[in-house]
Amino acid sequence: MRTIIKFLVNRPLIINMVSFFMLALGLYAMVEINREAFPNVNLDRIQIDFSYPGASPEEVERLIVIPIEQQLKSTSGIDKMTSTSFPGSGRINLEIDPEASNRQRIVSDVQQAVNQADLPSDLPYDPFVTEIDGSVFPVINLAVSAKRSDLELHRLGKDMADELLQIEGVAKVLIQGQRKAEIRITLNPEKMRKERIAIGDVVRVIKSWNVSVPGGDLETEKQKYAIRITGELKGAKDAGELVLRANERGDALRLKDIATITEALEKPSKIYDVEGKPALSIIILKQTRADIISTVDRIRDYIATVADRHGADVRVDTYQDFSRFARLRLGVLTNNG
C-alpha cells in the first residue's frame, strides 16, 4: 500500500486526470442517465382479480377460483399459485419461475387460460390479469373536478386519459371513480299492456340486436370479403329505434314507444370528491425507461392546457408527486458537490 501511495504522490498528473475523469462521469450521469424515484425491481408476479357481488367465499371459490386454477395448471412458467376468496370477490396470485426466459409469453398464456375458464355468465366484469412489475409505478395522481353531470364527467375522464397516453413517457392511465356507462330503459306498464308486449319480448329483442359477431365470408370473382354483423347500441337513441314488432305495411312498434330511455352510469361503489364536488382520481404510470422528472414536467405542461381544451370549469389538482423524491435527492447531491 505504501508503494502505491508513494507512486501516486510522485505523479500528481495521474491524480488530476483521475479526478477530472470522475467529475466528467458524474456530470454525464446527472444529464444523460434516467432519473428514478425508486429502483426498478422485477417482482416476477401476476395477479388475477375478479368480483362476483352477492356470492359467498365458498361460491367464489367453487364457481370462479377452481375453474381458473384448472386452466392454469397446464400453463408453463408458473412456480407457485395461491388464491384468496372474499364475499363477492377473490384474487389469485401467481409467482413466475425465476428461470423463465419469456415473461411476456407467460402473461399472455395466463390471460388466455383465464378466458378459456368456464365462469358464471352473470359476472359483472371479466377477471382482470395484471403483471406486478416494480419498474412500472405511479408517478403522479390527478384529481379532476368540474361543475358537470356525472355522465359528462365520465366522458371528460375518458378524453383526458386518451390525451395523457399521448404524452412521452406515460405507459398507463388508471381512472378511479370512473363508473361504467349504461343505457337505462324504464318500461311503461300501461303502454305495454295496450300494445300487448311482455318484458320477455323486450329482453329478447335487446339481446338479439345488441351484438357484434362475425358473419362469415363472401367470395366474389375478384376477391374475398369478411362479413361482420355490428349491432352494438351506441346510445339511448339507438336503443329507442329497436323494432319490437312490425307488419307487412311497414308499421313498426319501437322500444321508445313503450319506454323512457336515458343514458346513465352504474351505481357508485366509492365516492371521490374535491371540496365536496364529484371528482375523478387519475393515476398515471410511467414507462420503464422513462425519466420520472421529465415525464412529470410534461404532464404538468399538459395540465396547464386542460382549461383551454375542455373548459374553464375543469379543475385539476395534483397529489402524490413521486418525482419530488428524485428532485430532493438530486438537490442534496448537487449541494454536496
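Whether any residue in segment 107-130 is free of Cβ contacts under 8 Å to residues at least 60 places away in the same chain, within 29 Å of VAL274 (Cβ to Cβ) and part of a helix (DSSP H, G or I) is what I want to check.
no
Would you check if there is a residue in segment 89-97 being in contact (Cβ under 8 Å) with a residue 24 or more places away in the chain, under 15 Å from ARG62 (Cα atoms), of a type outside the set (Val, Ile, Thr) and assigned to a loop (DSSP other than H, G, I, E, B)?
Checking segment 89-97: not a single residue is in contact (Cβ under 8 Å) with a residue 24 or more places away in the chain, under 15 Å from ARG62 (Cα atoms), of a type outside the set (Val, Ile, Thr) and assigned to a loop (DSSP other than H, G, I, E, B).
Within segment 76-107, how many residues turn out to be surrounded by 13 or more Cβ atoms within 10 Å (Cβ to Cβ), of a type in the set (Val, Ile, Thr) and more than 26 Å from ASP122 (Cβ to Cβ)?
So the count comes out to 4.
Any chance segment 207-222 includes a residue that's surrounded by 13 or more Cβ atoms within 10 Å (Cβ to Cβ) and touching a Leu at 6+ places or on another chain (Cβ under 9 Å)?
yes
Which pairs have Cβ atoms under 6 Å, sit 6 or more apart or on different chains, and link a residue in segment 261-285 that is within 28 Å of VAL296 (Cβ to Cβ) to one that is of a type in the set (Phe, Trp, Tyr)?
That search, which allows pairs on different chains as well, returns ALA279/TYR272; SER281/TYR272.
In contact with a Lys or Arg (Cβ under 9 Å, 6 or more places away or on another chain), open to solvent by less than 90 Å² (accessible area, probe 1.4 Å) and part of a loop (DSSP other than H, G, I, E, B) - does that describe any residue in segment 231-249?
Among the residues of segment 231-249, at least one is in contact with a Lys or Arg (Cβ under 9 Å, 6 or more places away or on another chain), open to solvent by less than 90 Å² (accessible area, probe 1.4 Å) and part of a loop (DSSP other than H, G, I, E, B), which makes the answer yes.
Tell me the helices (runs of 4 or more DSSP H) entirely within segment 279-337 that contain at least 3 residues that are under 23 Å from GLY157 (Cα atoms).
Details: elements: 292-303, 306-310, 323-336.
By residue number, 292-303, 306-310.
Just to be sure before I move on: is ILE227 loosely packed, with under 11 Cβ neighbours inside 10 Å and either of a type outside the set (D, E, K, R) or at positive phi (or both) in the structure I sent?
yes
Spot the failing condition for SER121; the list is (1) loosely packed, with under 12 Cβ neighbours inside 10 Å; (2) touching a strand residue (DSSP E or B) at 6+ places or on another chain (Cβ under 9 Å), and only one is missed.
Looking at each condition in turn, SER121 falls short on (2).
Go through segment 172-188 and give me each residue that's modelled with pLDDT of 85 or more and crowded, with 18+ Cβ neighbours inside 10 Å.
VAL173, ILE175, ILE185
Return the residue satisfying two criteria in turn: it lies in segment 1-55 and is assigned to a loop (DSSP other than H, G, I, E, B) and closer than 30 Å to SER76 by Cβ, and of such residues it is modelled with the lowest pLDDT.
VAL41
Which of the residues spanning segment 124-155 are aliphatic (A, V, I, L, M) and either within 20 Å of the chain's Cα centre (by Cα) or open to solvent by 50 Å² or more (accessible area, probe 1.4 Å) (or both)?
Matches in segment 124-155: VAL129, ILE132, VAL136, VAL139, ILE140, LEU142, ALA143, VAL144, LEU151, LEU153.
State the number of residues belonging to segment 290-337 that are of a type outside the set (S, T, N, Q), surrounded by fewer than 11 Cβ atoms within 10 Å (Cβ to Cβ) and closer than 25 Å to GLY26 by Cα.
Matching residues across segment 290-337 total 3.
Just the residues that are of a type outside the set (Asp, Glu) and open to solvent by less than 70 Å² (accessible area, probe 1.4 Å), please, taken from segment 250-271. Walk me through it before giving the result.
Pass one, segment 250-271, residues of a type outside the set (Asp, Glu): 250, 252-256, 258-262, 264-265, 267-271.
GLY250, ALA252, LEU253, LEU255, ILE258, ALA259, ILE261, THR262, ALA264, LEU265, PRO268 - these are the residues of segment 250-271 that are of a type outside the set (Asp, Glu) and open to solvent by less than 70 Å² (accessible area, probe 1.4 Å).
The values are calculated or read from the model by the stated rules, or taken from the named source; none is laboratory data. Treat the numbers as computed from the prediction; the structure is a model and nothing was measured. When we count neighbours, we look across all protein chains shown, and the Cβ atoms used for this are built from the backbone with ideal geometry, even at glycine. Each accessible area value is taken on the protein alone, full model and side chains, heavy atoms only, with ligands, DNA and RNA left out. Shrake-Rupley method; radii C 1.70, N 1.55, O 1.52, S 1.80 Å.
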